[in-house]
Structure formats: structure tokens, C-alpha cells
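Engineer: Sending over a structure as C-alpha cells; questions will come in a sec.
The values are calculated or read from the model by the stated rules, or taken from the named source; none is laboratory data. Because the structure is a prediction, the values reported are computed rather than measured. Methodologically, a virtual Cβ is constructed for each residue, glycine included, from the backbone with ideal geometry; neighbour enumeration extends over all protein chains shown.
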Amino acid sequence: MRTLVVAIAVVCLLAGSPVTPYAGAQPASIKLGVVIPLTGRYGSGGAQVQTGYQFAVDDLNARGGVQVGGRRLPLALTVLDDQSDPTKTVSQFEVLASQGATVFLGGFGSDLHAAAAAVAEKNKIPYCGVAFALHAVHE
């Protein structure tokens, strides 16, 4: 679980998301947008991923959140179900982008990750996913 937390922090830092200091006003929280399969063929795996993300966020928030420009901010997790359907993965991540998510998290199923990575790249939002084997997603 600590690996997941470190991975999220590294992605945020390397991508220049809100874990780096802001030029203007800082937000009240860091918005993590999650799209995972909670129903459909990958539902049971998606539920496990959701539990892991929630555990990590609860743990970090219990420690005061994350350091941002001299201030500690909590993480806010918004979870949407893509129903194990890549077209819904795309539409759900677009919803999260329009709501101001600063980091995308996904999980379970290579086809869903491929769809998610494309949306993240288009919106220039860092994406971290777990539980997939499709090498092309890394390219």
C-alpha cells in the first residue's frame, strides 16, 4: 500500500500538479479523480482498487494531508464507476476533468487503462493506474 501512496506522490510531483507550489491562491484540497470498474466484468477487482485508494487517502489525510507550498492540504477522492466499459471510462474521466480533478487514478483492466491514458494525455492531467498488463499503456 505504501508503494501506491509513493507512486501517487511521484506522479504528482513529476507532472507538476498541485503538489508543487502554486503561483496564485491554493485550493482547499487536492482533487483526485478516480474511474474504476465497480460493476461489470471487472467489478470485483475494481472494488479492491477502490479500497486501496480510499485507504491511502484516509491515511494521508489522517497525517495532515500533503505539503503544498508551506501548507498541508487534504486529498479529496471522487470515485466514478465505468461499468467495465472503455467508452464509459472516457466519458467519466472527461466529467472529472470538467470538475477540476488534478490527478487521475484508474485501475483494473488493460482496455480501461488504454482509454484512461488517452483522456489523461488529452487533458494534460497526470494518470496513475494499477492492475493492468498492457505494455502499450506505458508508451
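Engineer: Restricting attention to region 50-70, which residues are β-branched (V, I, T), in a helix (DSSP H, G or I) and in contact (Cβ under 8 Å) with a residue 24 or more places away in the chain?
Structural biologist: The answer is V57, and nothing else.
Engineer: Here's something else I'd like to know. Please verify whether S84 is free of Cβ contacts under 8 Å to residues at least 60 places away in the same chain and not in a helix (DSSP H, G or I), treating the condition exactly as stated.
Structural biologist: Details: free of Cβ contacts under 8 Å to residues at least 60 places away in the same chain: yes; not in a helix (DSSP H, G or I): yes.
For S84, the condition - free of Cβ contacts under 8 Å to residues at least 60 places away in the same chain and not in a helix (DSSP H, G or I) - is met.
Engineer: Somewhere in region 8-18, is a residue among the small types (G, A, S), more than 17 Å from A117 (Cα to Cα), in contact with a strand residue (DSSP E or B) (Cβ under 8 Å, 6 or more places away or on another chain) and modelled with pLDDT under 95?
Structural biologist: yes
Engineer: For residues in region 87-102 being among the aliphatic types (A, V, I, L, M) and assigned to a helix (DSSP H, G or I), which is surrounded by the most Cβ atoms within 10 Å (Cβ to Cβ)?
Structural biologist: Filtering region 87-102 for residues among the aliphatic types (A, V, I, L, M) gives 90, 95-97, 101.
This time we only want the ones that are assigned to a helix (DSSP H, G or I), so: 90, 95-97.
On the way: V90: 18, V95: 14, L96: 24, A97: 18.
Result: L96.
Engineer: So, one more: Please determine, by comparing only the residues of region 71-114 that are among the hydrophobic types (A, V, I, L, M, F, W, C) and over 14 Å from the mean Cα position of the chain (by Cα), which one is nearest to D58 (Cα to Cα).
Structural biologist: Top of the filtered list is L73.
Engineer: Same structure, new question: Looking at region 103-123, is at least one residue modelled with pLDDT under 95, surrounded by 15 or more Cβ atoms within 10 Å (Cβ to Cβ) and part of a loop (DSSP other than H, G, I, E, B)?
Structural biologist: Within region 103-123, one or more residues are modelled with pLDDT under 95, surrounded by 15 or more Cβ atoms within 10 Å (Cβ to Cβ) and part of a loop (DSSP other than H, G, I, E, B).
Engineer: Test L77 against the stated conditions and say whether it is modelled with pLDDT of 95 or more, touching a Phe, Trp or Tyr at 6+ places or on another chain (Cβ under 8 Å) and not in a loop (DSSP other than H, G, I, E, B).
Structural biologist: In short, yes.
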